[in-house]
Amino acid sequence: MVSIFLRSLIYNVLFYLLLVFWIVVALPTFLMPRWAIMAVARYWSRSSIWLLRVVCNVKVEYRGVEKIPKGPLIVASKHQSMWETFALLQFFDEPLFILKRELKWIPFFGWYLIKANMIGVDRGAGGRSLLRMARSAGEAVRRGRQLIIFPEGTRTPVGSPPRYKTGVAQVYVDCGVTCVPVALNSGLFWPRRTFMRYPGTLVVEFLDPLPPGLSRREFIMRISSVIEDATGRLVETARREQAQLFGRAPGSASAKA
């Protein structure tokens, strides 16, 4: 555990130093088209994932990448960790995120979010703000972007009951495009609200796409079912791996974090 603690500490220091490095590298992109800042963001994503493997021995396996269609798209992902907020963008040419508007106020980092035309939402403004957000997302996706969205709205600890928001169904209806569900087990390796990073095999699985045209009710039922079933399978496999690594009950290392 001491080794894991030290590795986690080293990784977090290097992770934020790396972020500062890419923020400096990206400065010229303020004078360039949007593709430039997105290219730097992908390098940041890949380098952070590489660093996690080297320092914390967290291997990453991507499954079903061939199922991702080209062009306008919704990517609806399970949300267990900060990890997927940057890891998923490397697979898309024009990724789009919906995020708290306060993030755009952060010097440099927030300015890059503005440069990348990410959509900020005021969570305290009620339904009217959510409708505006859904319309803005729909317009951007129909212009060719890939919307990466977390249907639960916030990070959910491993094993907690899922809470899928109805707002994602409104976004799906307004966009009118294919949706690719994503399952993962990142919460076992990068748990929320702790700096600990646990070794093992982090798996991201892109599932069979859902076609446009489903009703909001059917969309929520189908997406929650396929994501939760696949996530449960990935988590159980990873817990068995952790049991072998730590010599204790599956999942107990990260469950205590």
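Every number here is computed from the coordinates shown, using simple stated rules; none is lab data. This structure is a prediction, so every number in the text was calculated from the model and none was measured. Here the Cβ is made from the backbone with ideal geometry for all residues, glycine too, and neighbour counts use every protein chain on show.
Points worth noting:
- Region 1-71 - percent relative contact order, Cα under 8 Å, separation 6 or more: 40 percent
- Förster radius 22 Å - calculated FRET efficiency between Lys165 and Ser225, Cβ distance, rounded to 0.05: 0.90
- Separation of region 7-57 and region 146-188, taken as the distance between their Cα centroids, equals 25 angstrom.
- Taking a point 7 Å out from the Cα of Tyr16 in the direction of its Cβ, the residues of region 87-116 whose backbone N falls within less than 15 Å of it are 107, 109.
- Relative contact order, percent, region 58-255 [alpha-carbon distance under 8 Å, six or more residues apart]: 29 percent
- Value of relative contact order over region 43-124, rounded to a whole percent, pairs C-alpha under 8 Å and six or more apart: 25 percent
- Local charge for Val171 was computed over the other residues whose Cβ lies under 14 Å away, with Lys and Arg +1 and Asp and Glu -1, and equals +3.
- Three-way shape call for the chain based on the alpha-carbon gyration tensor, with the a/c threshold at 1.5: oblate
- In this structure, the pairs whose alpha-carbon distance is over 20 Å, taken from Lys104/Lys165; Lys78/Lys100; Lys78/Lys165, are Lys104/Lys165.
- Within the chain, the whole DSSP H helices whose Cα atoms reach 18 Å or more along their own axis and whose mean Kyte-Doolittle score is at least 0.5 are 2-25, 34-56.
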